[in-house]
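*Asks:* Below is one structure. I have some questions about it.
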Amino acid sequence: MGSIKAPAITAEEKRFDFAPTRDTVEVVLIRRREKHIFIVMEREKKEHAGYALHLEGDKNGEVTLSVSGKLVLGNLKRVMEDIRSLLEDFIPSEITIDLAGLEYLDSAGAVALLQTEKKAKDKSLPFRFINMDPATERIIGLLKIEEIYTEPLVSYRAAKGFFEEVGETSRSILRDIKQLITFLGELLFVFWHAMRHPRFVRWGEVLFYMKRAGVDSLPIVGFVNFLLGFVVAVMAAHQLAKYEFSVFLGSLVAIAMVKMFGPLMTAILLAGRTGSAFAAEIGTMVVDEEVNALISMGFDPAGFLTFPKIVATVFVLPLLVLYADLAGVLGGLVIARADMDMAAYTYFSEMPTSISLFDLLWSLLKTVVFAVIISGVGCQRGFSVRGGAEAVGKRTTSAAVTSIFLIILVDTAFALVVRYIR
Amino acid sequence: METPTRQIRQNRGTGEEQAGGEPIITVKGLAAGYGKDTVIENVSFEVRRGEIFVILGVSGCGKSTLLKNMMGLYRPLAGKVIIGGVDINAAGKEEIKKIRLNMGVLFQSAALFGSMTIGENISLVLKEYLDLPDETIDLIVRMKLAMVDLAGYGNHLPSEISGGMKIRAGFARAMALDPSVLFLDEPSAGLDPVTAAEIDILIKSINAGMGTTMVIITQELESIFNIATRGILLDKGEKGIIAEGDPRELKENSSDPRVTSFFNRKPMGQKKVGT
């Protein structure tokens with residue numbers, strides 16, 4: 001009984017193409033004989049070389065499955081389904097697979113054959129391959145079938161339960177707080193050392209980061225705060241006009257900008273822009289072992305990498321806040337001039353009486369604390385990166401979120417303190 | 001247009017049996033570099049079906065630049081790279097995708113995705129391009145892991161395995177779709193001699209078993225003589241090829257001092273240390 005040959009490969013079929021199972025025409029012929037059930041299943045490909053399975057034998061008896069054509073990754077699913085359905089119909093007591101007609105086999109195709117063998121052996125059925133050529137033997141030899149079914153050495157990382165998640169998050173927050181406090185201690189030590197040895201500070205780096213954190217932030221800080229002042233003025237203008245207090249529009253915008261929006265919004269912008277950049281930069285250095293290289297050369301990474309960034313941010317943030325206050329006040333002036341037809345002199349005239357020097361200095365003191373938070377948290381998050389690219393992303397996000405949270409917390413504390421001081 | 005990749009599948013045999021067949025990759029007059037600076041100029045050679053082809057040369061001679069141009073990651077400044085009859089810089093998106101799916105790449109540091117398990121790294125491409133049930137994909141992943149002696153490591157993260165294991169996992173990922181061509185960028189760099197030898201055995205066994213054509217950048221002389229069928233030697237000053245052929249023959253027969261210097265590990269123009 002000869003096996004059915006797969007269709008000859010045409011020049012068109014020689015074109016390389018993937019997904020060969022999509023355009024197929026299936027021809028299934030079933031013929032029955034008196035003693036033998038004789039099934040021919042042939043899948044003929046329109047555009048691709050195909051395969052044919054030919055099963056012959058007695059139901060509940062010995063069967064021979066002749067395979068011809070190509071068994072490849074692209075038709076693996078169908079081949080496996082066909083073999084399974086053919087053998088299920090027969091419930092054989094002994095299986096022989098004849099590979100005489102096999103034209104090409106890749107590692108996935110070999111898996112189909114070996115899985116058939118495994119299933120037969122699991123049922124203690126006698127099984128053998130016949131007419132296996134050396135090329136097929138080599139591929140099957142590569143597969144190490146006995147190792148394929150090795151159980152994973154670690155179990156699948158399943159999603160954690162609610163309580164486990166809460167517990168881990170709590171531990172992680174406590175660990176974070178501890179790391180932040182430790183880091184703050186290290187920074188204080190570095191600061192003390194820098195005070196006694198000013199040459200220790202890498203001033204070139206400080207200037208570089210002042211440009212990156214300060215000069216490069218000017219457009220976005222200016223634009224955002226200009227719009228904030230504009231919005232405050234729009235919202236207040238008509239209320240003030242109703243009670244004939246329009247002359248205080250400038251004061252209101254100035255108070256809002258100096259005491260609240262200027263420092264807060266600029267700090268939030270810098271936390272997103274500069275703090276996360278510090279975290280990403282140091283995190284990548286940790287991943288690439290550059291930080292270890294620094295340690296091995298006797299440098300203190302906190303002093304070498306962090307201190308210039310903190311010094312630069314502490315210098316530029318107060319200046320940026322002054323610039324932001326000015327931008328906000330100018331935003332309000334646009335409304336005063338355009339909407340309320342107020343003279344610029346009138347707009348500015350009441351400002352000195354409503355904003356004192358103390359307010360301005362208090363606001364700048366606040367921004368110094370914000371600057372330490374932004375750069376310190378950014379650097380600390382960078383140093384705490386463990387693993388690869390994903391960890392860098394996580395810690396960068398964490399730097400921005402933690403900084404913004406701490407900035408708002410500190411802002412609240414400053415607001416309460418100033419209320420009792422004055 | 002006919003591509004040799006399909007022909008490889010029709011003409012199975014060991015790499016050795018197939019080596020010397022028709023070219024699967026042709027590089028013609030390639031110039032490559034960065035900006036206006038050329039690293040290599042007028043480089044032409046062929047990689048034949050089933051070969052283990054090595055790209056050799058001292059640091060900075062343009063090996064990695066050449067390999068990245070061959071893989072289509074960089075556009076050449078001049079010349080062509082033809083894979084399977086298709087000029088990869090002139091081909092359409094779909095054609096390029098088909099070629100890419102039929103070539104695997106093992107990067108120097110394996111470039112495994114750190115957030116995925118080893119199994120997920122291997123199954124990524126299978127899930128993306130093949131409509132297979134999960135259990136079949138799982139079976140293929142297990143098979144690929146067993147092929148590279150990492151059976152049981154499917155659920156490990158890349159950070160949990162050693163450097164040599166990462167290279168083997170990268171190998172399994174590169175082999176996920178049974179590609180006809182594998183590009184390997186310094187597969188044994190930084191590995192201990194035993195692990196490096198294991199990688200050599202793996203390369204040879206895949207080449208012998210699957211007939212996969214391998215294009216390898218390597219600096220390891222022992223590895224070169226063990227596995228290479230043929231190769232080219234690039235030179236920094238020449239900005240191109242100074243020798244082509246079987247590395248063993250080049251070592252024995254070349255009269256070019258730059259070639260003998262490379263294969264004998266003797267810096268040019270330096271006196272022998274000692275007496």
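The values are calculated or read from the model by the stated rules, or taken from the named source; none is laboratory data. Small disclaimer: the values here were computed from a predicted structure and weren't measured. Cβ: placed from backbone, ideal geometry, glycine included. Neighbour counts: every protein chain shown.
*Asks:* Can you tell me which of B:N102, B:N155 is facing chain A (nearest Cβ under 10 Å) and within 24 Å of B:V54 (Cβ to Cβ)?
*Replies:* That would be B:N102, the only listed residue that is facing chain A (nearest Cβ under 10 Å) and within 24 Å of B:V54 (Cβ to Cβ).
*Asks:* Could I ask something else about it? If B:D185 passes every condition in (1) free of Cβ contacts under 8 Å to residues at least 40 places away in the same chain; (2) within 20 Å of B:M71 (Cα to Cα); (3) of a type in the set (D, E) but one, which one does it miss?
*Replies:* Unmet condition: (1).
*Asks:* Kindly indicate whether A:T150 is among the hydroxyl-bearing types (S, T, Y), surrounded by 14 or more Cβ atoms within 10 Å (Cβ to Cβ) and within 8 Å of chain B (Cβ to nearest Cβ).
*Replies:* The answer is yes for A:T150.
*Asks:* Another question, if that's okay. Are there strands (runs of 3 or more DSSP E) fully within region A:46-128 with at least 1 residues that are modelled with pLDDT of 85 or more and acidic (D, E)? List them.
*Replies:* Here the list reads A:62-71, A:94-105.
Per-residue answers, yes or no, for (1) in a helix (DSSP H, G or I); (2) touching a residue at least 12 places away in the same chain (Cβ under 8 Å); (3) touching a strand residue (DSSP E or B) at 6+ places or on another chain (Cβ under 8 Å):
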{"residue": "B:I201", "(1), (2), (3)": "yes, no, no"}
{"residue": "B:I206", "(1), (2), (3)": "yes, yes, yes"}
{"residue": "B:I216", "(1), (2), (3)": "no, yes, yes"}
{"residue": "B:S223", "(1), (2), (3)": "yes, yes, no"}
{"residue": "B:I232", "(1), (2), (3)": "no, yes, yes"}
{"residue": "B:A243", "(1), (2), (3)": "no, yes, yes"}
{"residue": "B:E252", "(1), (2), (3)": "yes, no, no"}
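So that you can scan it fast, the table gives a plain yes or no per residue for (1) touching a residue at least 60 places away in the same chain (Cβ under 8 Å); (2) not polar (S, T, N, Q):
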{"residue": "B:I88", "(1), (2)": "no, yes"}
{"residue": "B:I96", "(1), (2)": "no, yes"}
{"residue": "B:M103", "(1), (2)": "yes, yes"}
{"residue": "B:G114", "(1), (2)": "no, yes"}
{"residue": "B:S123", "(1), (2)": "no, no"}
{"residue": "B:V141", "(1), (2)": "no, yes"}
{"residue": "B:S159", "(1), (2)": "no, no"}
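*Asks:* Within region B:106-149, track down each residue that is of a type in the set (D, E, K, R), within 9 Å of another protein chain (Cβ to nearest Cβ) and within 24 Å of the chain's Cα centre (by Cα).
*Replies:* Within region B:106-149, B:R142, B:K144, B:D149 meet the criteria.
*Asks:* May I pose another question? Quick one: in region B:158-200, of everything that is under 20 Å from the mean Cα position of the chain (by Cα) and within 8 Å of chain A (Cβ to nearest Cβ), which residue is farthest from B:F53 (Cα to Cα)?
*Replies:* Filtering first and then ranking leaves B:L177.
*Asks:* Something else now. Give, as residue ranges, the helices (runs of 4 or more DSSP H) completely inside region A:179-263 that count at least 3 residues that are over 36 Å from the mean Cα position of the chain (by Cα) and buried (at least 18 other Cβ atoms within 10 Å of the Cβ).
*Replies:* It comes to A:218-242, A:249-255.
*Asks:* Among the hydrophobic types (A, V, I, L, M, F, W, C), away from chain B (no Cβ under 14 Å), over 41 Å from the mean Cα position of the chain (by Cα) and within 24 Å of B:D131 (Cα to Cα) - does that describe any residue in region A:85-101?
*Replies:* Yes, there is a match, as at least one residue in region A:85-101 is among the hydrophobic types (A, V, I, L, M, F, W, C), away from chain B (no Cβ under 14 Å), over 41 Å from the mean Cα position of the chain (by Cα) and within 24 Å of B:D131 (Cα to Cα).
*Asks:* Among the residues in region A:336-344, are any under 46 Å from the mean Cα position of the chain (by Cα) and not in a helix (DSSP H, G or I)?
*Replies:* Within region A:336-344 (the criterion being under 46 Å from the mean Cα position of the chain (by Cα) and not in a helix (DSSP H, G or I)), the answer is no, since none of the residues qualifies.
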